[in-house]
Amino acid sequence: MANGIITKVAGPLVIAEGMRNANMYDVVRVSSQRLIGEIIEMHGDQASIQVYEETSGLGPGEEVESTGAPLSVELGPGLIGSIYDGIQRPLEEIMKVAGNNLTRGVEVPSLDHKKKWKFIPSVKKGDKVSAGDVIGTVNETNAVVHKVMVPVKVEGTIVDIKPGEFTIDDTVAVVEKNGRKQNVTMCVKWPVRVGRPYKRKLSPDILLTTGQRVIDTLFPIAKGGVAAVPGPFGSGKTVVQHQLAKWAAADIIVYIGCGERGNEMTDVLNEFPELKDPRTGNSLMERTVLIANTSDMPVAAREASIYTGITIAEYFRDMGYTVALMADSTSRWAEALREMSGRLEEMPGEEGYPAYLGSRLAQFYERAGRVIVNGTKDTEGALSVIGAVSPPGGDISEPVSQATLRIVKVFWGLDANLAYKRHFPAINWLTSYSLYTDQLEKWYAENASSDFMQLRGRLMSMLQDESELQEIVNLVGMDALSAPDRLKLETARAIREDYLHQNAFDAVDTYTSLKKQVLMMRAILLCYDKSVEALEKGADVELLAGMLVRERIGRFKYESESRIDQEFENIKAIIDNEIEAVLERSED
């Protein structure tokens, strides 16, 4: 143990001398109050310590004690359904010990070490195992089977394993190699700044279905992909992340509230336990881990919360699960980096952010991916990361947004104007993009429709044409447009209002399957193609624009999945009938 003495306190930064035996990123206990901190710089025997708790009242001369271990998280049964602060302290347990006020220096174990879990072995005596192999399971919740894995750097032959009820510290199996026995428990510790190992990374060529039409159709994210959701206040970042948490094709959700306002985090804490999981019908919390780090908590703990969350997510990925991590928002984390950099008197980069902002963001996002996990079997796991960015005033030219855009492959740009028009999700189709689209082309052809990318391409070109035509309309009015352009505008309006607009609070419209998305696109484009044909035969454009079938197409999104095939056939028949009627009236 290295014990030092505080020489300087500057907000969350504490300088201590006499720390020669300590190492970088060691966790330390500061003063008699035993505040948690982490060494972020060493100069000889002088350590710069980032303290994750309020430092008011601290002064020079107080003692600092190093634990000799890096900041780590406890991984084992009991994670699912838990609500932690940024350094994996369970908030519910802290409330029992300290009441409603978060007491400084409070020490509570991250997992319940007394609770007994029913362990069911999946290997037997004499089996050879290596790091990452699943040796048994625990039914953690109704939705999640917790897989107990052989720890990293452990391999050999199972010499003892038995079913029963154990605490997370009890030995559930014994592995022997070259006469050396190693005990395996259900709990492991892992340093948060170190990515968990895997065999190899796979290409991001499988869609992470979300049921959100604007995402799945226009700007898809792959399993193991990374996406950014930048947008100004009130544009719906949190609603987008809630929808993805509820509907994305992920087995486990890790939600990090990183420096968010207390009321937003309270909404999450209140809503998630009440949200019905569409997979099981039970509470969504039965497959969720929440990390709550609000803006009134110490700034330095924001950095820890990001790493804590992604380490927990990697742990479940290693079990072979598909994990979706929501970080809301990385801008607040960057602000914490800026404050600590200023306290350390480092040379500032753009807008005062540290020069290493981009590399820190990259280190975080590159821990995502679809991988073959460690173990004798080739098991696939995936970790997708969706990071919200909160640029001041919605200006994405600022450093955090720009650094994020250089790293992520999907950009869902939220637009305040769309949000004010009550168009949700307020993802702007002209500024957003996805770089996974080409890699997903084959997947779409095999799992959705052979012409999916063609339909998508037509929708995108219609929306781009609309923006150009709208400029003409704004200048000289609708009468200046030709009849084909009038039809194009009408179709683009249908794409915007009937297809891209989606009601998160409607029981049917909140989620749309890929099959329904294809039929909806076909219905809109079929109506356009038939109208263009009729126009060439001399039909009146006003009559074509006013066809009643357009309203029927608009209501298609509220049809239940069981009726979509029948409804599509009905729409096709009505289009033919109404086009004929329009042609007859035009001749008269």
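The values are calculated or read from the model by the stated rules, or taken from the named source; none is laboratory data. Since the model is a prediction, treat every value here as computed from it, not as a measurement. Here Cβ is always computed from backbone atoms with ideal geometry, including for glycine, and neighbour counts include all displayed protein chains. For the accessible areas, the whole protein counts, side chains as well, though only heavy atoms, and no ligand, DNA or RNA atoms are used. Shrake-Rupley method; radii C 1.70, N 1.55, O 1.52, S 1.80 Å.
Phi-derived couplings, Karplus 6.51 cos²θ - 1.76 cosθ + 1.60 at θ = phi - 60°, listed residue by residue for the stretch 196-209: 6, x, 8, 6, 7, 8, 10, 5, x, 10, 10, 5, 8, 5 Hz, with x used for Gly and Pro. With a cut-off of 15 Å between beta carbons, the residues surrounding Gly126 carry a summed charge of +1, where Lys and Arg count +1 and Asp and Glu -1.
The residues of the chain have, on average, 42 Å² of accessible surface per residue, using a 1.4 Å probe with all protein chains present.
Using the rule -39500 (n - 2.57) for each DSSP H run of four or more residues, divided by the residues of the chain, the 222 nm mean residue ellipticity is -10500 deg cm²/dmol. Over the stretch 314-420, the hull volume per residue, using the convex hull of the C-alpha atoms, is 122 Å³. For Tyr198, the shell of other residues with beta-carbons less than 12 Å away shows a net charge of +3, using +1 for Lys and Arg and -1 for Asp and Glu. For the stretch 171-181, the Karplus equation 6.51 cos²θ - 1.76 cosθ + 1.60, evaluated at θ = phi - 60°, returns couplings of 6, 9, 7, 10, 10, 10, 9, 6, x, 9, 9 Hz by residue, with Gly and Pro reported as x. Along the charge dipole of the chain, which of Ala492, Ile291, Thr266 sits closest to the positive end, that is, farthest toward it, with unit charges on the beta carbon of Lys, Arg, Asp and Glu (+1, +1, -1, -1)? Sorting the options by dipole projection puts first Ile291.
Other residues lying with their Cβ under 14 Å from the Cβ of Gly61 contribute a combined charge of -2, Lys and Arg counting +1, Asp and Glu -1. At 7 Å along the Cα-to-beta-carbon direction for both Ile40 and Glu63, put a label point, then send me their distance in nm to one decimal. A separation of 2.6 nm, rounded to one decimal place. Normalised by the number of residues in the stretch 246-335, the average gap of Cα pairs under 8 Å and 6 or more apart makes the relative contact order 48 percent. Applied to the stretch 27-43, the Karplus parametrisation 6.51 cos²θ - 1.76 cosθ + 1.60 on θ = phi - 60° returns per-residue 3J(HN,Hα) values of 7, 10, 10, 9, 6, 5, 7, 6, 6, 7, x, 9, 6, 10, 8, 10, 10 Hz, with x for Gly and Pro. Ligands, DNA and RNA left out, the 1.4 Å accessible surface of the stretch 435-485 is 47% carbon and sulfur atoms.
Of the accessible area of the stretch 293-420, with the probe set at 1.4 angstrom, what percent is carbon plus sulfur?
Carbon and sulfur together cover 48 percent of it.
Taking the convex hull of the alpha carbon positions in the stretch 453-588 and averaging its projected area over all directions gives 8.6 nm². With the convex hull constructed from alpha-carbon coordinates only, the stretch 365-451 shows a mean projected area of 8.3 nm² over all directions. Taking amide H as placed 1.01 Å from N in the peptide plane, Thr294 has its amide H under 5 Å from the amide H of Gly259, each at least 5 places away in sequence or on another chain. Under 29 Å from the Cα of Lys572, which lysines turn up, not counting those fewer than eight places away in the same chain? Candidates past the 8-residue exclusion: Lys442, Lys488, Lys515, Lys516, Lys530, Lys537, Lys557.
In a simple Cβ point-charge model (Lys, Arg +1; Asp, Glu -1; nothing else charged), the chain has a dipole of about 2320 debye relative to its Cα centre. A Cβ-based charge dipole, computed about the Cα centre of the stretch 1-118 with Lys and Arg at +1 and Asp and Glu at -1, lands at about 500 debye. Residue separation of Phe505 and Lys181 scaled by 0.36 nm, minus their Cα-Cα distance, works out to 111.1 nm of gained length.
Nearest 5 percent is fine: what portion of the DSSP beta bridges confined to the chain is antiparallel?
Within the chain, antiparallel bridges account for around 70 percent of the total.
In straight-distance terms, cross-link reach from Lys246 covers every one of the lysines whose alpha-carbon lies under 18 Å from its own, apart from those fewer than eight places away in the same chain; here that gives Lys223, Lys237, Lys276.
Applying 1/(1 + (r/R0)^6) with r as the Cβ-Cβ distance of Arg563 and Thr376 and R0 = 41 angstrom yields a FRET efficiency of 0.30. Among beta bridges from DSSP that stay inside the stretch 174-324, the antiparallel ones total about 40%. Annotation: amide H of Arg34 has no partner in the under-5 Å range at sequence separation 5 or more or interchain, hydrogens built in the peptide plane. Taking amide hydrogens as placed 1.01 Å from N in the peptide plane, the amide H of Gly413 sits under 5 Å from those of Asn428, Ser432, Tyr433, each at least 5 positions away in sequence or on another chain.
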